Structure formats: C-alpha cells, structure tokens
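Below: one structure, written as structure tokens.
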Amino acid sequence: MYDGLYERIHAERMRREKENFEIYIKQLKDPGIPYRTKAAEALGNYKDPRAVPYLIECAKCETDPGVLYVAICSLAKFRDKSSVVPLLALLDHSDKWVRSGAAKALGEIGDRESVFCIKPMLSDENPKIRASAAEALGLMSYWEFADLVIPLLDDEESEVRAAARAAVRKLGRGDLAD
C-alpha cells in the first residue's frame, strides 16, 4: 500500500522546489515590486546556495529600497563571502534601512575587513544606523571590536544603548553592559 510512497512524494517535492526556484529567479527581474520582494524573500528561505549570485545581482541593480532590503536580508542568511563587496557598496546608500541591513548582513557574514567600513557608522547622526553598526560588530564576535562599541553604551538614544549592550555582551564584555 505504501510501497515507494515516500520516494514519490520526495521526488515530487524536489521537482516543485526546482520549478519554484527557477520562477523566483525570473521574478527578481519582474516589473512589479511585490513579485521582486517575494522572490528575494523566497530565495533566502530556500537556502539554496545557487541563489547567491542572483541575490547579489539584485543587490547591485535593484532601485526599490524595500526589495533591496529583503535581498540583503536573504543574502545574510547564506553568510557567503562573495556577498561582501556588494554589501560594502550599500553602506553608503541613501536609504537608512538599506544601510542598516547591509551592516547587519556583513555582521552575519563575519568579514573582519568590513569593520573598517562599518566603524564610521557608529557615529552616524541617525540612531538606527548607529544601532545597526553596533549590532553588526557584535555579530562578528571578534572580542577586540568591543572597544569600538563601548562608547555607545552612553548614547542619548535608548535603541543605540540597547544594541551596544547586546553587542558588548556578545563580544565578551558583559561586565560593562550591566
């Protein structure tokens, strides 16, 4: 009765995933923003490394900040070093969410060299950017970066102070966060 059922179900699932993957790749270039957004999100959820070059291309060419932010978040899930250069370029984007997402994605990837590009964001006028920079450095887990974040423990904005506390804890300096 169940002879080969599991194998058939698995084969069908794999066929559909392959088909959907190809559809999402095409939708990254769709004129409709909702389609591009959903495609970028779905590719990140698939966690199929074949999606990385397509998401990188999206990060380089996308004009809508919302789609771009979702593509950045998807790239972060892969923690692929080939994403570093395109993400570094987005640290100077005009949209605060894109800049914030790029910093956090670089933190997830853990590229040490990114610190030198994230460091100026710690003194940005926008509190969201300062908080994201602190979070990114905390995600990198290099204890020697704690000294860069410690001054933000006294920031005027509570969001920044909270991000700085979390970061210094991750960086092994929890004694300063309490």
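The values are calculated or read from the model by the stated rules, or taken from the named source; none is laboratory data. Every value quoted in this text rests on a predicted model; they were computed, and no experiment measured them. All Cβ positions, glycine included, derive from the backbone under ideal geometry; neighbour counts span all protein chains shown.
Restricted to the stretch 104-153, and to residues there that are aromatic (F, W, Y) and not in a loop (DSSP other than H, G, I, E, B), the residue that is nearest to L87 (Cα to Cα) is F116.
For S100, state whether it is closer than 17 Å to Y24 by Cα, within 12 Å of the chain's Cα centre (by Cα) and modelled with pLDDT of 95 or more. Criteria not met by S100.
Does any residue of the stretch 51-60 turn out to be touching a helix residue (DSSP H, G or I) at 6+ places or on another chain (Cβ under 7 Å), assigned to a helix (DSSP H, G or I), within 18 Å of I129 (Cα to Cα) and not polar (S, T, N, Q)? Looking for residues that are touching a helix residue (DSSP H, G or I) at 6+ places or on another chain (Cβ under 7 Å), assigned to a helix (DSSP H, G or I), within 18 Å of I129 (Cα to Cα) and not polar (S, T, N, Q), one finds none in the stretch 51-60, hence no.
The residues in the stretch 38-60 that are at pLDDT 95 or above and either more than 19 Å from I23 (Cα to Cα) or of a type in the set (F, W, Y) (or both) can be counted, and the count is 2.
Among the numbered conditions (1) at pLDDT 95 or above; (2) over 28 Å from K38 (Cα atoms), the only one that F78 does not meet is (2). Annotation: A71 fulfils all but one of (1) crowded, with 16+ Cβ neighbours inside 10 Å; (2) farther than 30 Å from D30 by Cβ; the unmet one is (2). Residues that are surrounded by fewer than 19 Cβ atoms within 10 Å (Cβ to Cβ), at pLDDT below 95, aliphatic (A, V, I, L, M) and within 24 Å of the chain's Cα centre (by Cα) within the stretch 154-178 comprise just one, A166. Criterion applied to K96, K26 was being in contact (Cβ under 8 Å) with a residue 24 or more places away in the chain, surrounded by fewer than 19 Cβ atoms within 10 Å (Cβ to Cβ) and in contact with a helix residue (DSSP H, G or I) (Cβ under 9 Å, 6 or more places away or on another chain), and the one residue passing it is K96. Among the numbered conditions (1) touching a Phe, Trp or Tyr at 6+ places or on another chain (Cβ under 8 Å); (2) modelled with pLDDT under 95; (3) under 30 Å from D124 (Cβ atoms), the only one that Y69 does not meet is (2).
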